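This report refers to the structure that appears directly beneath it.
Taken together, the values in this text are just the output of simple stated rules run on the coordinates, not laboratory data. Fair warning: this is a prediction, and the values are worked out from it, not measured in the lab. Neighbour counts run over all protein chains shown; Cβ positions are idealised from the backbone, glycine included.
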Amino acid sequence: MVDNGIDRLLDLLGDSDGGLALVRRICELCVTELVVSGAGMSVMAGPLSDGTQVLLHATGEVGVRLEDLQLTVGEGPSVDAFVSGGAVLVPDLDVEHHRWPAYAPGAAGFGVAAVFSFPLQVGAARLGVLDLYRTTPGPLDTARLSGAFALAEAGTVVLLDDADAAQGAKLLGQGELHSAVHQATGIVTVQLEVSIQEALIRIRAYAYAHHLPLNEVGRRIVGHELIFEREE
């Protein structure tokens with residue numbers, strides 16, 4: 001990020017339309033201005049045990065796969081950032097395998113070497129997470145870390161504006177990942193007569209065991225290509 005810093009960074013958002021277009025612009029600026037390999041923004045309206053995560057945008061396929069991995073295994077930097085309300089900065093993922101025994105090796109398998117997650121929040125109210133990753137290890141320097149916090153704040157404003165819209169939370173219906181998982185969770189809840197949490201655990205376990213993206217399993221359930229039996 002160049003020397004004129006945060007003001008310039010936020011000026012670059014000025015020409016963007018609101019909503020999902022602005023979410024995409026924020027993620028793009030993370031890559032170009034903060035010199036990271038990819039970025040993604042998710043709405044997380046509650047703990048992952050409730051399946052309340054929707055990926056609004058990721059800048060590349062690796063970012064999509066990272067978010068899918070976190071929801072599948074129920075751990076990772078965005079989970080910790082959302083729960084703690086503080087930024088999670090991991091410049092070398094190799095040393096964090098004990099912290100995230102399922103996520104860390106999976107992310108490394110995608111070529112990810114460093115991850116940085118920032119909660120999108122106002123006071124105690126948390127709305128989502130901005131995730132950054134690099135394919136080489138190393139920290140964010142002071143200027144780029146300040147830029148990340150500024151872009152996370154801009155992302156928070158987008159989510160607040162969306163929640164206040166008359167039609168209500170439009171972005172949740174426009175997310176690029178995990179929308180099918182929410183529908184599938186409801187279907188499995190009815191099929192197996194279990195709680196939402198138990199249904200999501202079943203879906204996650206199936207995705208993990210069959211090496212499938214979580215949203216693909218969700219789509220198959222919604223499309224009646226996959227039906228869970230009680231004995232599963």
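Couple of notes before you dig in:
- Computed from backbone phi, the HN-Hα couplings of the range 25-30 come to 5, 4, 5, 4, 5, 4 Hz, rounded to whole numbers (Karplus: 6.51 cos²θ - 1.76 cosθ + 1.60, θ = phi - 60°; Gly and Pro given as x).
- Contour minus Cα-Cα distance for PHE149 and GLU229 (0.36 nm per residue): 24.2 nm
- Of the trypsin sites (Lys or Arg not before Pro) in the range 198-232, those whose Cβ has at most 14 other Cβ within 10 Å and which sit in DSSP loop: ARG230
- The length gained on full extension between THR135 and TYR208, counted as 0.36 nm times the residue separation minus their Cα-Cα distance, comes to 23.9 nm.
- For the range 179-222, the square roots of the Cα gyration tensor eigenvalues, ordered a ≥ b ≥ c, give a/c of at least 1.5 with a/b no greater than b/c, which places it in the oblate category.
- Loop-located chymotrypsin sites (Phe, Trp or Tyr not before Pro) in the range 70-127, at most 12 other Cβ atoms within 10 Å (DSSP): none
- Residues whose amide H falls under 5 Å from that of GLN121, counting only those 5 or more places apart or on a different chain, are LEU127, with hydrogens built in the peptide plane.
- This ranking places THR142, THR156, THR72 by how few other beta-carbon atoms lie within 10 Å of each, fewest first, which gives THR142, THR156, THR72.
- When peptides 188-194, 26-32 are sorted by average Cβ neighbour count within 10 Å, with the highest value leading, the order is 26-32, 188-194.
- Full-extension gain in nm, GLN183 to ILE196, via 0.36 nm per residue minus C-alpha separation: 3.6 nm
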